[in-house]
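Before any comments, here is the structure.
The values are calculated or read from the model by the stated rules, or taken from the named source; none is laboratory data. Fair warning: this is a prediction, and the values are worked out from it, not measured in the lab. Reconstructed Cβ throughout: ideal geometry from the backbone, glycine too, with neighbour counts over all protein chains shown. Surface areas here come from the heavy atoms of the whole protein model, side chains and all, with no ligands, DNA or RNA. Shrake-Rupley method; radii C 1.70, N 1.55, O 1.52, S 1.80 Å.
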Number of protein chains: 2
Amino acid sequence: MIDLPLQIVIAICVLALLLAAILTRDLLSQDQGTPKMREVADAIRVGAEAFIRRQYSTIAVLAIVLALVIFAVYFLTGQQGLAISTAAAFIVGATCSAVAGVVAMFIAVRTNIRTAAAAQTSDGKALDFSFRGGAISGLIITSMSLLGVSLTYVALGADPQHTPFVIVGFGFGASFVALFAQLGGGIYTKAADVGADLVGKVEAGIPEDDVRNPATIADLVGDNVGDCAGRGADLFESTAAENIGAMILGVALFSVFGANGVLFPIVMCAFGLLASMIGILCVRGKDGANPMDAMNMGYYITAVISAVFLFFGVQWLLNAPGVAWMYFVAAGFIGIALSVAFLKVTEYYTDHRFRPVQEIADASETGAATNIITGFSVGLETTAIPAILIGISLLLSYWCGIQTGVPNGGLYGTAVATIGMLMVCAYVLTMDTFGPIADNAGGIVEMSQAPEEVRKRMDKLDAAGNTTKALTKGYAIGSASLAVFLLFNAYMADIAKLTGKAFDVVNLASVPVFVGALLGAMLVFLFASLAVRAVSKTAQSVIDAVRIQFKDPGILAGDRKPDYAAVIDITTQGALKNMVLPGILVIGFPVIIGITMKYEALAGFLMVGTITGILLALILNNSGGAWDNAKKYIETGAHGGKRSEAHKAAVVGDTIGDPFKDTAGPSLHVLIKLLATLTLVLAPLFI
Amino acid sequence: MIDLPLQIVIAICVLALLLAAILTRDLLSQDQGTPKMREVADAIRVGAEAFIRRQYSTIAVLAIVLALVIFAVYFLTGQQGLAISTAAAFIVGATCSAVAGVVAMFIAVRTNIRTAAAAQTSDGKALDFSFRGGAISGLIITSMSLLGVSLTYVALGADPQHTPFVIVGFGFGASFVALFAQLGGGIYTKAADVGADLVGKVEAGIPEDDVRNPATIADLVGDNVGDCAGRGADLFESTAAENIGAMILGVALFSVFGANGVLFPIVMCAFGLLASMIGILCVRGKDGANPMDAMNMGYYITAVISAVFLFFGVQWLLNAPGVAWMYFVAAGFIGIALSVAFLKVTEYYTDHRFRPVQEIADASETGAATNIITGFSVGLETTAIPAILIGISLLLSYWCGIQTGVPNGGLYGTAVATIGMLMVCAYVLTMDTFGPIADNAGGIVEMSQAPEEVRKRMDKLDAAGNTTKALTKGYAIGSASLAVFLLFNAYMADIAKLTGKAFDVVNLASVPVFVGALLGAMLVFLFASLAVRAVSKTAQSVIDAVRIQFKDPGILAGDRKPDYAAVIDITTQGALKNMVLPGILVIGFPVIIGITMKYEALAGFLMVGTITGILLALILNNSGGAWDNAKKYIETGAHGGKRSEAHKAAVVGDTIGDPFKDTAGPSLHVLIKLLATLTLVLAPLFI
């Protein structure tokens, strides 16, 4: 018999999947626009599906190898009982993540054309379609993650004191797939983008998304595989890993709350999913209105309903005698507030209405060098407020946890804050996927040479998509930074369970731990280096391929159709080849550290690597976003507008920001959680 | 009566000062070239002296305020006995550092003209002069540091068990001055450089160091105030802080070695100074030879003699019954080997003969954006090998220390390794100061419109100077990273002494320590942001000032002399104004963390801030050096040579690298040691 809380989780997930199905049916029945539009959309769809197929085949091979390693680790360290279940959980997690990514892609490449078609008549309808396309992904990904964790928990025995330690395999599987999905997709999207821009805009002097550029379709494919499938996998594993981490912390409170403390995280996430469904249904496009208004409204509705649900959820599940449960509610509110604060800070640093982007635009007047120096300086600066916010949230929610009177409640307080932040996840994912769909629809409109008014409608939606993409990256890094702290503690609980000795000190003053910490920070920089380099290498192949096609004068004159598929193929090959080395490095290196220097040094490695990863991701995401918007701001006419010297300088900054914000930055989100789940699962190796 | 070891230290320092005096007398008696050369050199000298005067006046005010704060901290925390002596040691340290900086400047602005004059006839002689100019600075700075520490130690009672804790004030004073000297000088030099390049080379299309550019003299002044005075102050405080840190660790071994363990660090540094003197005297310029050959030879001689001295020094001072002292010798050798390894790694990453710079030059063909993406990726990559080297050195020297059989000898092993690395300091400082002198002499030759052959001679020397500057930055960061570990432990010993409780655990798994660590890493990024921004702000003023002068057609035509002094004045004002905020921030922020979150969280702050600082400094220094040399490589004719599109792209990369490698990077070296000495001195506030 399944516990009531689990029944509720499953029921909400089924409800969410049902809503997703209804939205999908409704969406697929919509008009698909002109034949020209369909032609473009078909090319995108075929390219994206081909990439995803090849990418996941590569990932599958790597995953199977790793599953065998996990099995061997457990088997050879004398834990035969856990060997099969952990390896199986890993495979299930990996599979669920892959399915979520594929579904997100499937919907995105079918929504873009319908959004473009709707834009022929109404911008409100175009928003509705693209937003609902995002919602389908958001609902499916979140409910798959919750269902996956819940059902794996049930399948592995549903013993609240032991099962949480076994389902870490599920989280690791999800992280593993997310790493490659985000990295490969990120390399693909930015190599195509940078390559298309450099050879098209800069060398041949033709506009962005011009039909004559053989790399345009690859660029549009990139939005789907990088932003949709990549970020989908990222947030899938976020919810999975963070739920599992919180469940492990819940084990320590078994004597107080029984199974409720363990199940609380997934129940609250399910409640958050319900809140997101309400928020999503409240969003209605209106012709002539700013699309951000409707989406922001939906977000606030989701946040407020989540807060209400949190209150009742805590009262129901964490309300044991002698427990001041209101403090847990407060901790949860801190998490919800942090999610709002992160959105606001990201907005400040990447929106042209504020000082940072203005400064970059000003600096563009003296050329590319000053544009980049200023943008880099802004990027470094963006670490300050988020770090302080994270610090305050951790300290406050820890303090709240202690005030509840539960023994060792402090850590559980931070877990509740993380859960609070994660409750709005499905809604955020909706906003996030909306971005690339709108971007793609804009590309389809552009390439099908639709009338000016249709393009204008799409431009507005596209601009909103850029904003939501920047905001959700802020959210992703914010939630990751709260979550990792509880994952550390899950790791330490796991090690303590394995060794039978308390493990609650990671002494940074000991030489091995300090060295581990130094190497952890280094790994983050090295990984970012490899990710950025992979983009520039792959972009170089794209440039070479386009140059060959441009040698045919018929293509540039528009008489002959360029060979889009050839460029798509080269980008696919480059992205897949270049994602493997960084991926293997970040998995292999911590394992070597752990085996040679043991678990405490590895904890130092993990924690300081995480700190560096959070801050570097902020730098990369926000500087990239700021450069992008400084260019867009100049394009509205500021500092001489398009074709001015300032604009040329701003284009250089934007190009540099591309691999920062869409490849290295988001891959770092995944990396820091991967490191945590990896150490959890492979813990027996490190003792 | 002063102990024999101290007598030896003082004797060697006096000897070094004597040698410096002889070299100075000899140098000042040399020919000062043509009247045109003298005119340029005089303008540089006047500008540099004016800046230094105003800079040190500002620093003096800040230092006096801080001395009063230190006095108050000790007085009000009930340690009246230490209040006066710590504040006085701070003032003495600050003064000695200022004097060392001023002397380095004084020599540099007099050596440049004599080097330029010598280049009229012989490149060997030009090398001799510029290298000896560097040697004078190197000898004076190192011996002042050693004398300062030794005499303060004697003046404060020479009690080996207590005095080391009091002389930390000296180290803090030195760090404090170094921070502002490096930051202000770094802002000055790069603002002038970037400003001169952007408005001269890019806008007006005139060559570098052209007499018509009103910012040229300011640019040449910058080499002196940034590279000479700045790095002089940096390495002054390195030797001071690291000696004091090692002496504090020596206190713990008093029962084994008596005073010898405390005095060992300064004795070995004095021996190293002696070895450097021999190395310096071995360098002889030869016409037509590669200047790097002679300097490298001198370096290896210094390293080998240092190793021999180390052997005898350990045998003499650390040879107690039952101590396997050979392991201390091994630890010292590890430090010397690490200094060589760091030079090699830096060479690999910044020399055009190797893959990284080649890659950047290749990427320049597709424009500025790919040049910068590749350079940034190289910068991130350069953290890997140094971090691994540091890790191995720390672990090995710690292990060696344990093998000696001395109780808690592991930490002292790392101290001996640090000392080994520092022994060659005077020689490295010589090479370092040689760079800007050669650079300046090149500028004088260029601006005095000397014949082509003279310019060619200077170009060769200038190129060598660029190499030595990059190498010594590698050395500086390497020695800093070993040193900070012992400074942490000194801090922990200090706290233990103050609280009377053991303090040997910094638990990163506790929430406040983790938050402290996060904020420490953040501070490093924020500081780098402010340093970079200060350069771009000041450069903007320079550009504006030059543009006004260029409105006079007589100046660009060469009919009228530009107003150099006006630009110098604006750069001075900008640099001084913009150095204050970052300086106050990095002092104020850790104090706030320490007071609110107490000493253990502050230790986390310090350690993770240091790790991040080391790695970020590597990124900034090496990417800057690589961009610089990629540009120089293209100028030799590769990828189309000067005036090609690749060259234009490489110039953008070089400009971005300027504030990275000469302002933010070197300021971070100082920052990480300042944090350590600051926490040591203000420790009573944090308990």
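Scan (1) more than 9 Å from chain B (Cβ to nearest Cβ); (2) under 19 Å from the mean Cα position of the chain (by Cα); (3) open to solvent by less than 10 Å² (accessible area, probe 1.4 Å) for the single condition residue A:409 breaks and write down its number.
In the conditions (1) more than 9 Å from chain B (Cβ to nearest Cβ); (2) under 19 Å from the mean Cα position of the chain (by Cα); (3) open to solvent by less than 10 Å² (accessible area, probe 1.4 Å), residue A:409 misses (2) alone.
Looking at (1) in contact with a Pro (Cβ under 8 Å, 6 or more places away or on another chain); (2) touching a residue at least 60 places away in the same chain (Cβ under 8 Å); (3) within 14 Å of chain A (Cβ to nearest Cβ), find the lone condition where residue B:473 falls short.
Going through the list (1) in contact with a Pro (Cβ under 8 Å, 6 or more places away or on another chain); (2) touching a residue at least 60 places away in the same chain (Cβ under 8 Å); (3) within 14 Å of chain A (Cβ to nearest Cβ), residue B:473 breaks only (3).
Looking at (1) under 19 Å from residue B:534 (Cα atoms); (2) open to solvent by less than 10 Å² (accessible area, probe 1.4 Å), which is the only condition residue B:605 fails?
Failing condition for residue B:605: (1).
Can you spot a residue in region B:182-189 that is more than 30 Å from residue B:682 (Cα to Cα) and at pLDDT 85 or above?
Looking for residues that are more than 30 Å from residue B:682 (Cα to Cα) and at pLDDT 85 or above, one finds at least one in region B:182-189, hence yes.
Hey, residue B:356 hits all of (1) within 14 Å of another protein chain (Cβ to nearest Cβ); (2) surrounded by fewer than 24 Cβ atoms within 10 Å (Cβ to Cβ) but one; which does it fall short on?
That leaves (2) as the condition not met.
Looking only at residues that are open to solvent by 10 Å² or more (accessible area, probe 1.4 Å) and in contact (Cβ under 8 Å) with a residue 40 or more places away in the chain in region A:509-522, which one is farthest from the other protein chains (Cβ to nearest Cβ)?
Here the answer is A:510.
Any residue at all in region A:575-598 that is more than 23 Å from residue A:172 (Cβ to Cβ), away from chain B (no Cβ under 14 Å), touching a Gly at 6+ places or on another chain (Cβ under 6 Å) and touching a residue at least 12 places away in the same chain (Cβ under 8 Å)?
Scanning region A:575-598 turns up at least one residue that is more than 23 Å from residue A:172 (Cβ to Cβ), away from chain B (no Cβ under 14 Å), touching a Gly at 6+ places or on another chain (Cβ under 6 Å) and touching a residue at least 12 places away in the same chain (Cβ under 8 Å).
Only one of B:527, B:589 is surrounded by fewer than 24 Cβ atoms within 10 Å (Cβ to Cβ), aromatic (Phe, Trp, Tyr), farther than 26 Å from residue B:210 by Cα and within 27 Å of the chain's Cα centre (by Cα). Can you tell me which?
When all the criteria are applied, what remains is B:589.
Is it the case, given these coordinates, that residue A:413 is under 28 Å from residue A:632 (Cα atoms) and either outside any helix (DSSP H, G or I) or in contact (Cβ under 8 Å) with a residue 12 or more places away in the chain (or both)?
no
Output the residue which, of all residues in region A:277-297 that are within 20 Å of the chain's Cα centre (by Cα) and at pLDDT below 95, is nearest to residue A:137 (Cα to Cα).
Once the filter is applied, the top-ranked residue is A:295.
Per-residue answers, yes or no, for (1) of a type in the set (A, V, I, L, M, F, W, C); (2) open to solvent by 10 Å² or more (accessible area, probe 1.4 Å); (3) away from every other protein chain (no Cβ under 14 Å):
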residue	(1), (2), (3)
B:380	yes, no, no
B:399	yes, yes, no
B:429	yes, no, yes
B:432	no, no, yes
B:459	no, yes, yes
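Closer than 30 Å to residue A:387 by Cα, among the charged types (D, E, K, R), assigned to a helix (DSSP H, G or I) and within 14 Å of another protein chain (Cβ to nearest Cβ): is that true of residue A:494 in this structure?
yes
Tell me which residues, restricted to region A:29-47, are part of a loop (DSSP other than H, G, I, E, B) and surrounded by fewer than 20 Cβ atoms within 10 Å (Cβ to Cβ).
Answer for region A:29-47, where residues must be part of a loop (DSSP other than H, G, I, E, B) and surrounded by fewer than 20 Cβ atoms within 10 Å (Cβ to Cβ): A:29, A:30, A:31, A:32, A:34.
Looking at (1) touching a strand residue (DSSP E or B) at 6+ places or on another chain (Cβ under 8 Å); (2) not in a helix (DSSP H, G or I), which one does residue A:503 not meet, given that it meets all the others?
(1)
Exactly one condition in (1) open to solvent by 10 Å² or more (accessible area, probe 1.4 Å); (2) over 22 Å from the mean Cα position of the chain (by Cα) is false for residue A:274; which is it?
All conditions pass for residue A:274, except number (2).
Determine which single condition residue B:487 fails, assuming it passes every other condition in (1) over 30 Å from residue B:208 (Cβ atoms); (2) modelled with pLDDT under 90; (3) open to solvent by 10 Å² or more (accessible area, probe 1.4 Å).
Against the list (1) over 30 Å from residue B:208 (Cβ atoms); (2) modelled with pLDDT under 90; (3) open to solvent by 10 Å² or more (accessible area, probe 1.4 Å), residue B:487 comes up short only on (3).
In region A:359-378, which residues are surrounded by fewer than 24 Cβ atoms within 10 Å (Cβ to Cβ) and within 8 Å of chain B (Cβ to nearest Cβ)?
Within region A:359-378, just A:367 meets the criteria.
Exactly one of these conditions fails for residue B:647: (1) more than 30 Å from residue B:496 (Cβ to Cβ); (2) buried (at least 24 other Cβ atoms within 10 Å of the Cβ); (3) of a type outside the set (A, V, I, L, M); (4) touching a residue at least 60 places away in the same chain (Cβ under 8 Å). Give me its number.
(2)
State whether the residues of region B:610-630 include one that is over 26 Å from the mean Cα position of the chain (by Cα), buried (at least 21 other Cβ atoms within 10 Å of the Cβ) and in a helix (DSSP H, G or I).
no
Here are B:546, B:506, B:535, B:567: which of them is hydrophobic (A, V, I, L, M, F, W, C), within 29 Å of residue A:481 (Cβ to Cβ) and crowded, with 21+ Cβ neighbours inside 10 Å?
Residue meeting the stated conditions: B:506.
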